[in-house]
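Everything on this sheet refers to the single structure shown next.
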Amino acid sequence: MNDRAEITARLASRLKEERAAKGLSLDALAKLSGVSRSMLSQIERGESSPTVASLWNLTRALNVDFSTLLDQESELEHPIKEIVTSDNTPEIRNRAAGCVVRILSAPDEVGGTEVYDIRFQAGARLESAPHKKGCIEHLTVLEGQLEVMSDSETATVSLGDTIRYAGDMEHTIRAQAAARVLLIVKNA
């Protein structure tokens with residue numbers, strides 16, 4: 001299928017989906033948009049391409065933007081992209097450090113924005129080498145209290161606190177008692 005035919009087919013499918021999602025008949029959309037019922041029917045069957053003016057009127061009547069009608073995959077079809085069950089969430093058990101790191105971010109996010117749920121045993125210490133230049137870590141305490149060290153600075157954070165610190169230098173998270181954090185690693 002050539003690009004033009006593919007775009008016409010995609011537009012036909014999306015227009016029909018949007019109209020159905022809004023609970024509109026062809027007649028109702030025709031009245032709202034000013035595009036004739038017969039033209040709408042031809043567009044939805046992929047037999048005709050709308051003019052820019054018609055497309056503009058249709059997007060306004062449906063309260064959507066152009067990209068909604070032309071995107072590769074309709075969000076109406078699959079608004080939930082993935083469910084990773086608890087028993088399928090990747091986990092790193094670092095017995096020596098006394099913590100369990102659950103990887104919450106998608107595999108394709110590695111090196112971008114990474115999200116971790118980390119549980120610390122009493123006395124646990126998680127030491128990290130510098131990440132990429134410009135990396136910032138965002139740590140929110142969900143349970144307990146921790147000490148965070150980045151380079152030569154140290155801060156204590158407790159339940160509900162969030163600390164942001166440089167991840168592009170050596171850094172350590174230490175828990176005196178059991179604790180749990182949500183850690184977001186944002187690489188530049």
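Quick check on my filter: what residues within segment 128-164 are out of contact with any strand residue (DSSP E or B) (no Cβ under 6 Å at 6 or more places or on another chain) and of a type in the set (D, E, K, R)?
132, 133, 151, 153
Of everything in segment 19-43, what is in a helix (DSSP H, G or I) and touching a Ser or Thr at 6+ places or on another chain (Cβ under 7 Å)? Give them in sequence order.
26, 30, 39, 42
For segment 127-149, enumerate the residues that are among the aliphatic types (A, V, I, L, M) and in contact with a Leu (Cβ under 9 Å, 6 or more places away or on another chain).
139, 141, 142, 146, 148
Read through the list (1) basic (Lys, Arg); (2) under 30 Å from the mean Cα position of the chain (by Cα); (3) more than 30 Å from residue 183 (Cα to Cα), then give the number of the only condition that residue 37 fails.
The failed condition is (2).
Assess whether residue 24 counts as being within 32 Å of the chain's Cα centre (by Cα) and surrounded by 13 or more Cβ atoms within 10 Å (Cβ to Cβ).
yes
Considering only segment 44-132, give the strands (runs of 3 or more DSSP E) lying wholly within it that have at least 1 residues that are touching a Ser or Thr at 6+ places or on another chain (Cβ under 6 Å).
Per the criteria, 99-103, 113-120, 125-128.
Read the figures in this text as sums done on the coordinates, not as results from a lab. Because the structure is a prediction, the values reported are computed rather than measured. Here the Cβ is made from the backbone with ideal geometry for all residues, glycine too, and neighbour counts use every protein chain on show.
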